[in-house]
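Data block below; observations after.
The values are calculated or read from the model by the stated rules, or taken from the named source; none is laboratory data. Remember, it's a predicted structure, so these values are computed and weren't measured experimentally. Cβ: placed from backbone, ideal geometry, glycine included. Neighbour counts: every protein chain shown. Protein only, heavy atoms only, side chains kept; ligands, DNA and RNA dropped before computing areas. Shrake-Rupley method; radii C 1.70, N 1.55, O 1.52, S 1.80 Å.
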Amino acid sequence: MTEEHSSQTPAVADIMIVGGGMVGSALALGLAQQGWHVVLVEASPLASLQTAAEPATGVDDFEPRVSAISMASQRLLEGLGAWAEVAAGRHCPYQVMTVWDAEGTGRIEFDAAEMRAEALGAIVENRHIVRALFNALEASPATIISGAKVAGWLANRPNGEGGEGGEGGDAPGIRLEDGQQLRARLVVAADGAQSQLRQLVGLPTREWDYDQQAIVATVRSKQLHHYTARQSFSCTGPLALLPLQADNGNEHFCSIVWSQDTLEARRLMALDDAAFNAELARAIELPADSIEAISRRFAFPLRQRHAMDYTAPGFALVGDAAHSIHPLAGQGANLGYGDVAVLLEELKRARKLDLNPGDALVLGRYQRRRKSENLAMMAAMEGLKQLFGRDELPLRWLRNQGMNWLNQLAPLKNRLAAEAMGLKD
């Protein structure tokens, strides 16, 4: 990996990725390993992305942003050579997931042992994955331009036309705030849900506000988590407790994602820590004094967003730039890694066939494969939200009966768990 700037960067790269988060850095690494000339543009300074986290012994030592990484996503990261560093550091595999209806008696429990698997997935702080990927990028031929912010989009033009861009003007690209212009045969936006590039290119989205906020924090409880992820559904929104493991092996820490209707979320955020902890314990059906400590709380509005098209000439979206969903099933990062896996497959195929990475046929195959799967997951999440968001007695009875019935059907239940883990074969 080299960090290069305007005087050194070639006029046209094969592929440029804008956004070096968990998804963008994984894609850059995989493409560099395939032999493409890859440029990764990231707004944060490189040093901040590779800085090792301090040991975690208290609630304020964990990063608030964590992800439930499925087995399929772990396999992708293993293939890229990055998972070994993640697994050697602070992460928490979970063997059991318990889901229940807070308004009734319905309950489902998924157990890795029933599926003859080591774990259902792993809870990892996002920064640990990013650091592992950038450390792997350091040994790759990819070019990283860090601390760089995008100021504009440079559309591709036929060869021979004049205008902005100079050499390489037939390829699309970006203009940075410092005036530097970068072009590539394919530009990939991995710059998040508010994707600046998606907006600059003009790809419209279909989106709606859930009128909910997600409260995120780290807690320490009296009870051990026993490597179990727990999720409770109420009419005002779901609450997830995701197990964390401190560097000293302490199993009393969990990350919470408490999605609530906006007014209720504001009420909860206004409480002092003691009152909030008592409400949290009640919501997760633990004794009132179970939550011993909580970190600073963060709240962010929830909005579903889906790009109507993932591609344009010489351009593609991946991860949250293409789709963002309700966090109730923790599938956001895994959908992004699904995008990465498919785009890597399609570009590997393009390389063998000596096709331009920005070829419309290549990008069309990527869009067809990913759009249908992402839409199906988004529809399922919306269905779950609507199902648990209603409190009519007949619907509640059917909901609880269905959960208990499914819990007794191990083959079907385990098939659903395998789907969530990304293990479809």
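Could you check the range 277-287 and list, in sequence order, the residues that are among the charged types (D, E, K, R) and either without any contact (Cβ under 8 Å) to a residue 24 or more places away in the chain or touching a strand residue (DSSP E or B) at 6+ places or on another chain (Cβ under 6 Å) (or both)? Scanning the range 277-287 gives Glu279, Arg282.
It is to be established whether one or more residues within the range 255-276 are part of a strand (DSSP E or B) and either free of Cβ contacts under 8 Å to residues at least 40 places away in the same chain or at positive phi (or both).
Here is the first cut: in the range 255-276, the ones part of a strand (DSSP E or B) are 255-261.
Adding the requirement that they be either free of Cβ contacts under 8 Å to residues at least 40 places away in the same chain or at positive phi (or both) leaves none.
The answer is no, given that none of the residues of the range 255-276 is part of a strand (DSSP E or B) and either free of Cβ contacts under 8 Å to residues at least 40 places away in the same chain or at positive phi (or both).
Among the residues of the range 200-212 satisfying the criterion of being touching an Asp or Glu at 6+ places or on another chain (Cβ under 8 Å) and open to solvent by less than 40 Å² (accessible area, probe 1.4 Å), which is farthest from Phe62 (Cα to Cα)? Applying the filter and picking the extreme gives Leu203. Looking at the range 262-281, can you tell me whether even one residue there is within 22 Å of Pro55 (Cα to Cα) and either more than 22 Å from the chain's Cα centre (by Cα) or crowded, with 20+ Cβ neighbours inside 10 Å (or both)? No; the residues of the range 262-281 include none that is within 22 Å of Pro55 (Cα to Cα) and either more than 22 Å from the chain's Cα centre (by Cα) or crowded, with 20+ Cβ neighbours inside 10 Å (or both). The set of residues from the range 49-98 being buried (at least 21 other Cβ atoms within 10 Å of the Cβ) and assigned to a strand (DSSP E or B) comprises Val66, Ser67, Ala68, Ile69, Ser70, Cys92, Tyr94, Met97.
Taking the listed residues Gly104, Gly165, Gly160, the one that is open to solvent by less than 30 Å² (accessible area, probe 1.4 Å), modelled with pLDDT under 90 and out of contact with any His (no Cβ under 6 Å at 6 or more places or on another chain) is Gly165, with no other qualifying. If I filter the range 286-299 for residues that are out of contact with any Cys (no Cβ under 8 Å at 6 or more places or on another chain), part of a loop (DSSP other than H, G, I, E, B), over 17 Å from Phe253 (Cβ atoms) and at pLDDT 95 or above, do I get at least one hit? No: zero hits. Close Cβ contacts (under 6 Å, 6 or more residues apart or on different chains) running from residues in the range 65-89 that are within 11 Å of Ala122 (Cα to Cα) to residues that are of a type in the set (D, E, K, R) comprise Val66/Glu125. Of all residues in the range 182-199, those satisfying the criterion of being farther than 20 Å from Val340 by Cα and either at pLDDT below 95 or crowded, with 24+ Cβ neighbours inside 10 Å (or both) are Leu182, Arg183. With respect to the conditions (1) hydrophobic (A, V, I, L, M, F, W, C); (2) in contact with a strand residue (DSSP E or B) (Cβ under 6 Å, 6 or more places away or on another chain); (3) more than 30 Å from Arg185 (Cβ to Cβ), Leu40 falls short on a single one, namely (3). Filtering the range 243-261 to residues that are touching a His at 6+ places or on another chain (Cβ under 9 Å), at pLDDT 90 or above and open to solvent by less than 40 Å² (accessible area, probe 1.4 Å) leaves Pro243, Leu244, Phe253, Cys254, Ser259.
In this structure, is Gln223 at pLDDT below 95 and among the polar types (S, T, N, Q)? So Gln223 passes the test.
Any idea how many residues of the range 111-149 are open to solvent by less than 30 Å² (accessible area, probe 1.4 Å) and of a type outside the set (Asp, Glu)? Result for the range 111-149: 23. Looking only at residues that are closer than 30 Å to Val124 by Cα and among the charged types (D, E, K, R) in the range 333-361, which one is surrounded by the most Cβ atoms within 10 Å (Cβ to Cβ)? Restricting to residues being closer than 30 Å to Val124 by Cα and among the charged types (D, E, K, R), the top hit is Asp339.
Let me confirm something: among Val342, Val362, which residue is in contact with a Leu (Cβ under 7 Å, 6 or more places away or on another chain) and at pLDDT 95 or above? I'd like the intermediate steps shown before the answer.
Working: Val342 fails: in contact with a Leu (Cβ under 7 Å, 6 or more places away or on another chain).
Result of the check over Val342, Val362: Val362.
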